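Colleague: My questions will all concern the structure given below.
The values are calculated or read from the model by the stated rules, or taken from the named source; none is laboratory data. Predicted model, so just to flag it, every value in this text is computed and none were measured. Neighbour counts are summed over all protein chains in view; Cβ atoms, including those assigned to glycine, are modelled from backbone coordinates with ideal geometry. Just the protein is used for accessible areas: all its heavy atoms, side chains included, with ligands, DNA and RNA removed. Shrake-Rupley method; radii C 1.70, N 1.55, O 1.52, S 1.80 Å.
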Amino acid sequence: METVILAVVIAVVVLVALGGLVVGSRRRKPLPPPPPKTPDITAPPAEPHVGDEAETPRDEPRRTIEEVDLPGPAPVVVEEPPVVEAPEIEIPEPTAGRLVRLRARLSRSQNALGKGLLTLLSREHLDDETWEEIEDTLLTADVGVQPTQELVEGLRERVKVLGTRTPQELRGLLREELLKLVGTDLDRTVRTEPEDRKPGIVMVVGVNGTGKTTTTGKLARVLVADGRTVVLGAADTFRAAAADQLQTWGERVGAHTVRGPEAGDPASVAFDAVKEGKEMGVDVVLIDTAGRLHTKTGLMDELGKVKRVVEKHAPLDEVLLVLDATTGQNGLVQARVFAEVVDITGIVLTKLDGTAKGGIVVAVQRELGVPVKLVGLGEGADDLAPFEPEAFVDALIGD
């Protein structure tokens, strides 16, 4: 009997335990989400049919199409081109006596030659050694061998006759002999006024670095200062910005510049410059050529071509060779080659203020047989002056 009761109790306990496990597992399972509610759908308002009124009509004033302000065409904005101010025309200094006004500047750098000669000539005894020193002084100043010998021989004869020599007498003696070498009877006029036609035609030639384009611009100022009208021909088409540089010089004095494309035909530009100069009725046409090296045979031939093309209009009145006074004997080599290609009629010496070698004036005139007509005495716009032998010699020997 006890065994039966014990078995019943164990069975009850087992059933209770199993029931607890079942209930616990049910509690752990998530409940399924509730079903979504059906959304309330509002029917769209019925559209009015033809003839129906959407709303109760109201009495409002109505405007006709004539009374309605319609938008007009958009205003057209015209942009005015920027105003380019014309460059201010400068009034160059008059050329009369310009070298005299610049004499002080020239004498500061040149009178080493004159002072050296006067010092040597003032010695009490002028022996052969002293005369050799005088020769060396002249050669160092680039006077040249033949002119130096002539000057020394003339001085020796006159000193021997003079006997005692005061400083004033020596200065006068040296001045006379130097003037003989430089030449006072040469025609140094820049020919720009042919009698039978207009314009006068001037071609400017020279090697690179001598200041040729600048000299052409300064020469235009000289001519304008003398009341002449000028056209510039930028036939240097090979050097970058050469035409711009020349045009700037022209604009300063109101001179027209004819130019062509970069690396274009220089002869064509020169031809057009003379043609436009004729049409405009100007007094002078200045043609700036390329600064060609004298060792380049082909380029020298090109220079000859420019000359021939220009002369289809009219003969050249001037061919000015620009030389750097500081180059000495090398400048004479350049002068020889240019003289073979074109007929040089005048010489322009630049940078004459920065060297004591003023004797190049004598040497280059002897070499080419043509006169120095213009000299450049500085970087200023009006530092190009007609060459005056007396003022030049006075600057050499000082006061």
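Colleague: At each listed q (0.17 Å⁻¹), what is the log10 of I(q)/I(0) that the Debye formula gives for segment 242-399 modelled as equal alpha-carbon point scatterers?
Modeller: -1.15
Colleague: Sticking with this structure for a sec: By accessible area of protein heavy atoms, probe 1.4 Å, what ranking do D288, D343, D127 get, highest first?
Modeller: Values: D288 0, D343 105, D127 75 Å².
Greatest to least solvent exposure: D343, D127, D288.
Colleague: Give me, ordered by chain and number, the residues 5 or more places off A235 or on other chains with an amide H under 5 Å from its own placed amide H.
Modeller: D288
Colleague: What spacing in nm lies between the two simple spin-label points modelled at D226 and E133, each 7 Å away from Cα in the Cβ direction?
Modeller: Going by the 7 Å Cα→Cβ label model, 4.4 nm.
Colleague: Okay, moving on. Where the centre of each part is set by its Cα atoms, how far does segment 263-325 sit from segment 161-221, in angstrom?
Modeller: Taking the Cα centre of each part, segment 263-325 and segment 161-221 sit 23 Å apart.
Colleague: Separate question: How would V145, V253 rank on accessible area, largest to smallest, probe 1.4 Å? Please list the in-between numbers first.
Modeller: Working: V145 95, V253 15 Å².
From most accessible down to least: V145, V253.
Colleague: Per residue of segment 118-127, in order, report the coupling 6.51 cos²θ - 1.76 cosθ + 1.60 (Karplus, θ = phi - 60°) as ³J(HN,Hα) in whole Hz, putting x for Gly and Pro.
Modeller: 5, 5, 5, 5, 7, 5, 5, 10, 9, 8
Colleague: Which of the pairs K212/K373; K218/K307; K198/K275; K312/K373; K218/K351; K278/K312 have their Cα atoms more than 18 Å apart in this structure?
Modeller: K218/K307; K312/K373
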